[in-house]
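Accompanying notes for the structure given below.
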Amino acid sequence: MRPLPPSGKCYGDGTKGGAFVAFVRTLTRVMPVTVICCCFLTGCGKNPTPIPNGFTPLPVPSATPSGSPIPIPGQAWQFQGWGISLAWWTEIVGDWGQPAEQQTIVQALFGNPATPNWPVIGGTSVPPLGLTVLRYNVGASPASGASDSCQPPFRLGAEVPTVQAGAGQAVRLTADPGQFGVLKAAYDLIQSQDGHPDVEAFANSPPYWLVPGGCPQGTDGPEDLSQGAQSQYVSYLTAVVAGLQADGITVSSAEPFNEPTTPWPNGCSSGCQEGAGFSLDTQQSILSKLCHVLPPGITVAAPDGASPEDTIGAWQTYLRSMPCVGQINTHSYQGGPAPYVGPYRPALATFARDSQRQLWMSEFGSSSPITVATQIADDLNQLRPDAWIYWTAMEGPQGWGLLDDPLADGSNASAADPGIGRVSATKRYFALAQFTRFIRPGDKIIPVSASYPSGVRIVVAATAASGLVVVAVNPDQTSEPLSFDLGSIGVGTNVAATVYRTDASSASDNDTELSAPASVLGGLLVDTLPPMSVSTYVVGAPAAGRVYAAPGGFPPAAPQTELRYDYQPTAISLSGDGSYYLEDLTWPVWNSTEAVAHGIASVDNCRPSCAQGREFKDPMIATFTDPRSCGGNLFWSRALIHYTGAVPPDDSQNHLWSQLFYSC
């Protein structure tokens, strides 16, 4: 996150009725303020966003493609998980002094979404989010409190104690007891649920003893690291990572920067935070040193640019030539703290994919629950990150927290916080839950080609439990019809979908399971989306909704050979004796009426017997059709094998299996 320059700045994206909402950051937090006629006076929203350092514009499509959205199963990827930054809320929660209250917050954020025992916050039972990615904030401030060099003081929780008081000194994680205590509790809880916690150590600033003037709030210049201190900074980060590892926390990645290419202002107005600027050359030099000293198994991540453009600027300047940086981190803001609406998500996704690097959307936050949901949908469909991380878990009423604490007002650190008593879950919490509860680590995100012209976004995921999840976000202030084609990913008729909904315009509808399911008719998911709502559809798979291969055509104990709507096998046997099977299969077509596979037919000529026969392998295209009921399930009953090259002896170029049933 980043404060505005002392002079203030407004960020807008257009006018409406002579007014627009500017985002003013005087408390290092976004405050929406209606500004009358500002755009006519200053041109806000008409001038392009300044080109980030190092960024060269690229030819790109429109920012949010609009049309008839369709799922693209051929571009699906495995999702790593959802996460949260531990700044700055853990400094507050960890200081409550009541372990049971702290554990309630930990259960809400990191508990298993499948548990029937929901934690109670603010008198309301809230569904656990099931977050598994934790970004540990490597502190930069004196453990004894702010020095006189930092004026005005930090906002509540943002003065994160450094765990190493000076170069070469011992790392003491207990110097930051609040954050480390919450980290350990969350880490242990995730592991106890058979989950895999992914911990990233990231820094907003070098420690106070490595920055000019001793104050880690920034100097309004491109370099906020003392001259000649790069190696010391790298040693500091490495020592903190080693300290976490020694205390039983497995660290997966380390990130030395946070929005480094836009200068951090010297002397914010109030409610300050840690921050530091680094030139692109300095970033490259620090990363090169970090690559050589981090232990094997810990990925170097960078650069945490404020926007995809910022991150692409680093890519174009140095990241592309640094394969040792195995993870690209980007935030998803634009023009300051506004949500990203630019066109460069697909380009960044391509850079990451083509260079075989992980990509994290490592920070986004907003006061609007619908903006949060819309941003998730656009990021998953266009940026396609391996992990998606929300900014913070708890702030005051004007903040971005998933939880609301009226005493954590975002101003100076003098406010006291007694505990969980006044904390409540916000609509942002429930909007995020619409995704995190149902799309889990290991599930496959199936990107969707476009949003609807109305602005409705769709997210699709195939779950590891052989189900399908669809999330629909309606950001409009009117109801919108939903008719989304699932036939292309194999969902046919006679399928119901359980619906969960958060309505931002309603005080009570928070991740509520609706009594009436939605229907999938002829492969179409049909519903009406209330205004300003997020709806999650868990598509069922009743017996009549799956299509299998012939019941006698493969061993029952080998489900990898099933032909069914939620799994496309790479090999399958069509004969009872194993003399005719297909392998190396890919599936360009898969819907409720047919499945088409490209691959190899392996045919035994059974001369003089199948045991002694010769095997022929020839390329072919197989088309499966005509699903029929057998034993309570649907099976493909016909298969046409078309050989595209040589034809096995005694066979024809088009081999029709007209009846694949053996036991019905």
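The values are calculated or read from the model by the stated rules, or taken from the named source; none is laboratory data. Since we're looking at a predicted model, the values are computed, not measured. Here Cβ is always computed from backbone atoms with ideal geometry, including for glycine, and neighbour counts include all displayed protein chains. We work out accessible area using only protein heavy atoms, side chains counted, and drop any ligands, DNA or RNA first. Shrake-Rupley method; radii C 1.70, N 1.55, O 1.52, S 1.80 Å.
When region 517-532 is examined, which residues are found to be assigned to a loop (DSSP other than H, G, I, E, B) and open to solvent by 60 Å² or more (accessible area, probe 1.4 Å)?
Within region 517-532, just PRO517 meets the criteria.
Any idea which of PRO212, PRO216 is open to solvent by less than 10 Å² (accessible area, probe 1.4 Å) and at pLDDT below 95?
PRO216
Looking only at region 88-106, filter to residues that are open to solvent by 70 Å² or more (accessible area, probe 1.4 Å) and not in a loop (DSSP other than H, G, I, E, B); which one of those is modelled with the highest pLDDT?
Of all residues in region 88-106, those open to solvent by 70 Å² or more (accessible area, probe 1.4 Å) come to 95, 98-100.
Right, trim to not in a loop (DSSP other than H, G, I, E, B) and you get 99-100.
Values: PRO99: 90, ALA100: 93.
Among them, the one singled out is ALA100.
For every residue, the table says whether it meets (1) assigned to a loop (DSSP other than H, G, I, E, B); (2) out of contact with any helix residue (DSSP H, G or I) (no Cβ under 7 Å at 6 or more places or on another chain); (3) at pLDDT below 80.
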position	(1), (2), (3)
PRO569	yes, no, yes
GLY578	yes, yes, yes
PRO588	no, yes, yes
SER592	yes, no, yes
LYS617	no, yes, no
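Considering only region 243-285, state which residues are among the aliphatic types (A, V, I, L, M) and over 27 Å from the mean Cα position of the chain (by Cα).
ALA246
Based on this model, can you work out whether SER332 counts as over 16 Å from the mean Cα position of the chain (by Cα) and at pLDDT 95 or above?
Answer is no for this residue.
For region 495-511, enumerate the residues that are β-branched (Val, Ile, Thr), at pLDDT 75 or above, closer than 24 Å to GLY522 by Cβ and open to solvent by less than 40 Å² (accessible area, probe 1.4 Å). Lay out the reasoning, then the answer.
Narrowing region 495-511 to residues β-branched (Val, Ile, Thr): 495, 498-499, 502.
From what is left, the residues that are at pLDDT 75 or above are 498-499, 502.
Going one step further and asking which of them are closer than 24 Å to GLY522 by Cβ, we end up with 498-499.
Scanning region 495-511 gives a single hit, VAL499.
Considering only residues of region 319-345 that are in contact (Cβ under 8 Å) with a residue 60 or more places away in the chain and assigned to a loop (DSSP other than H, G, I, E, B), which is most open to solvent (accessible area, probe 1.4 Å)?
Ranking the qualifying residues of region 319-345, first place goes to VAL341.
Table: residues versus (1) assigned to a loop (DSSP other than H, G, I, E, B); (2) touching a helix residue (DSSP H, G or I) at 6+ places or on another chain (Cβ under 8 Å); (3) surrounded by fewer than 21 Cβ atoms within 10 Å (Cβ to Cβ); (4) at pLDDT 90 or above.
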residue	(1), (2), (3), (4)
PRO418	yes, no, yes, no
PHE430	no, yes, no, yes
ALA433	no, no, no, yes
ALA464	yes, no, yes, no
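Taking the conditions exactly as written (touching a residue at least 12 places away in the same chain (Cβ under 8 Å) and in a helix (DSSP H, G or I)), does GLY313 satisfy them or not? So that I can check it myself, show each step before the final result.
Numbers: touching a residue at least 12 places away in the same chain (Cβ under 8 Å): yes; in a helix (DSSP H, G or I): yes.
The answer is yes for GLY313.
Of all residues being open to solvent by less than 10 Å² (accessible area, probe 1.4 Å) and either on the phi > 0 side of the Ramachandran plot or part of a loop (DSSP other than H, G, I, E, B) (or both) in region 219-249, which is modelled with the lowest pLDDT? Just the residue, please.
The selected residue is ASP224.
Could you please find all residues in region 445-462 being open to solvent by 20 Å² or more (accessible area, probe 1.4 Å), in a strand (DSSP E or B) and either modelled with pLDDT of 95 or more or over 18 Å from VAL539 (Cβ atoms) (or both)?
ARG457
Does PRO608 meet the test of being surrounded by fewer than 18 Cβ atoms within 10 Å (Cβ to Cβ), part of a loop (DSSP other than H, G, I, E, B), at pLDDT below 65 and of a type outside the set (A, V, I, L, M, F, W, C)? Steps first, please.
On the way: surrounded by fewer than 18 Cβ atoms within 10 Å (Cβ to Cβ): yes; part of a loop (DSSP other than H, G, I, E, B): yes; at pLDDT below 65: no; of a type outside the set (A, V, I, L, M, F, W, C): yes.
Judged against the criteria, PRO608 is not a match.
Could you check region 435-444 and list, in sequence order, the residues that are aromatic (Phe, Trp, Tyr) and assigned to a helix (DSSP H, G or I)?
PHE435
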